[in-house]
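To keep things clear, I will list the structure first and then write my remarks on it.
The values are calculated or read from the model by the stated rules, or taken from the named source; none is laboratory data. Worth saying up front: this structure is predicted, and the values here are computed from it rather than measured. Reconstructed Cβ throughout: ideal geometry from the backbone, glycine too, with neighbour counts over all protein chains shown.
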Amino acid sequence: MAILFWIFLLIIFYTYLGYGIILYVLVKIKEFFVKRKEKLKPLDLPEVTLFITAYNEEKIIEQKMENCRELSYPSELLKIVWVTDGSDDKSVELLSAYTDIKVLHKPGRNGKTAAMNRGMTLVESPIVVFTDANTFLNKEAILEIVYEFTDPKVGCVAGEKRVVSKEKDSATAGEGIYWKYESALKELDYRLYSAVGAAGELFAVRKELYEPMPADTLLDDFILSLKIAQKGYKIAYCSKAYAVETASLNMNEEKKRKVRIAAGGLQSVWRLRSMFNILSYGWLSFQFISHRVLRWTITPFFLLLLLPINFVLALRGDTFYMVALFLQITFYLMAYAGYLFEKKQIKNKFLFIPYYFVFMNVNVLQGFNYLFQNKGKGSWEKAKRE
């Protein structure tokens, strides 16, 4: 029993904190011997396609197009493609007012991945930047992404995702805190070898490396970017190119996202299982398992089991296990208090952090059920934003 406790505790620590610490040390050792290279700026800028998949986004189209117009990239080299398959609102009508963009639409809704696969057959630009309709890019985003591609070893570029909340101390603000930590890990991953995946809010690929994905793919951004990495290319992380979106409207809406992402994570782990072979993929395999696989598979279960195991060990009267049990119970009580505060709309960031941590792990467990119930389905209900 004690052995299980320590195994579970070490894996939990490694998943959420230990990997980040080891990653930081490895990066510092590497950069002590190998200095980071400065990015080159291309003499001639390439043509770029800004690719936007949208489902019933009529409320945001005007703002999104304004944001596209503000991007610091030559207009003659920036092609804009919208794929609105399945939309039954006024999206197509509103987009028809913009004569310099390409709009692809068909009535049937087969999901985001199917829309991407269809639209990419008509794209000719050497670099394709994917972004969501409800996110807004900084002016230099496209330019900074293009700079990353001057390295021939880079096949995909992951931009930074920034989540802003109107209520800074609300529980949904935990999403923003999570993404700050996630961004720091991605940057360290890239400095060591390669980022592990990309966020759909903003990422780019070389057109020649795009591979059509099964229509039921839930995390198209992650699968696509890792498939490119499997070919020997790196996923660059570019913090100077970022996408801003608002936090989920409330925790019920955030739950929709987290459960789907958890299910997509499980699906991705299975479809990318060949990456477990560390002899074939080296550092990429180590990063994939440490950064993604553990938190999407066994660690949430270990977190769930650690409490009852700790309880049994504490009954023996060992002071250490009694203190450990007290700390665990205190943490979960803080998380529950954060849940109650969120329900009553009382702001307390100190309690919302443990609440959001527990919330994320519970949603991973629920992701198993989502994946089973929605097998073969590539569309989902969007989470409402602030």
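For every residue, the table says whether it meets (1) within 14 Å of the chain's Cα centre (by Cα); (2) modelled with pLDDT of 95 or more; (3) closer than 17 Å to Met120 by Cβ; (4) assigned to a helix (DSSP H, G or I).
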| residue | (1), (2), (3), (4) |
| --- | --- |
| Ala158 | yes, yes, no, no |
| Gly174 | no, no, no, yes |
| Ser194 | no, yes, no, no |
| Ile223 | yes, yes, yes, yes |
| Leu226 | yes, yes, no, yes |
| Lys240 | no, yes, no, no |
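Mind checking which residues of segment 187-215 are surrounded by fewer than 24 Cβ atoms within 10 Å (Cβ to Cβ), out of contact with any Lys or Arg (no Cβ under 6 Å at 6 or more places or on another chain) and of a type in the set (D, E, K, R)?
Listed by number, the residues that qualify are Glu187, Arg191, Arg206, Lys207, Glu208.
Just checking, how many residues over segment 1-27 are closer than 24 Å to Ala236 by Cα and either of a type in the set (Asp, Glu) or exposed (fewer than 12 other Cβ atoms within 10 Å of the Cβ) (or both)?
Qualifying residue count for the region: 3.
Enumerate the pairs (first residue in segment 17-32 and more than 14 Å from Ser194 (Cα to Cα); second residue anywhere and small (Gly, Ala, Ser) and modelled with pLDDT of 95 or more) with beta-carbon separation below 7 Å, excluding pairs fewer than 6 apart on the same chain, so at least 6 apart or on different chains.
Correct list of pairs: Tyr19/Ser290.
Which of the following residues is surrounded by 16 or more Cβ atoms within 10 Å (Cβ to Cβ), within 14 Å of Val83 (Cα to Cα) and hydroxyl-bearing (Ser, Thr, Tyr): Thr135, Thr121, Thr113?
So the residue among Thr135, Thr121, Thr113 that is surrounded by 16 or more Cβ atoms within 10 Å (Cβ to Cβ), within 14 Å of Val83 (Cα to Cα) and hydroxyl-bearing (Ser, Thr, Tyr) is Thr113.
Name the pairs whose Cβ atoms lie under 9 Å apart, with the first residue in segment 51-71 and within 14 Å of Glu93 (Cβ to Cβ), the second part of a helix (DSSP H, G or I) and small (Gly, Ala, Ser), and 6 or more positions between them or separate chains?
Close Cβ pairs (under 9 Å, with a partner that is part of a helix (DSSP H, G or I) and small (Gly, Ala, Ser)) amount to Ala54/Ser91; Ala54/Ala115; Asn56/Ser91; Glu57/Ser91; Glu58/Ser91; Ile61/Ser91.
Out of Lys186, Lys234, Lys180, Lys240, report the one residue that is in contact with a Ser or Thr (Cβ under 8 Å, 6 or more places away or on another chain) and either farther than 20 Å from Leu50 by Cβ or in contact (Cβ under 8 Å) with a residue 40 or more places away in the chain (or both). First the steps, then the outcome.
Numbers: Lys186 fails: in contact with a Ser or Thr (Cβ under 8 Å, 6 or more places away or on another chain); Lys180 fails: in contact with a Ser or Thr (Cβ under 8 Å, 6 or more places away or on another chain); Lys240 fails: in contact with a Ser or Thr (Cβ under 8 Å, 6 or more places away or on another chain).
Result: Lys234 is the single residue among Lys186, Lys234, Lys180, Lys240 that is in contact with a Ser or Thr (Cβ under 8 Å, 6 or more places away or on another chain) and either farther than 20 Å from Leu50 by Cβ or in contact (Cβ under 8 Å) with a residue 40 or more places away in the chain (or both).
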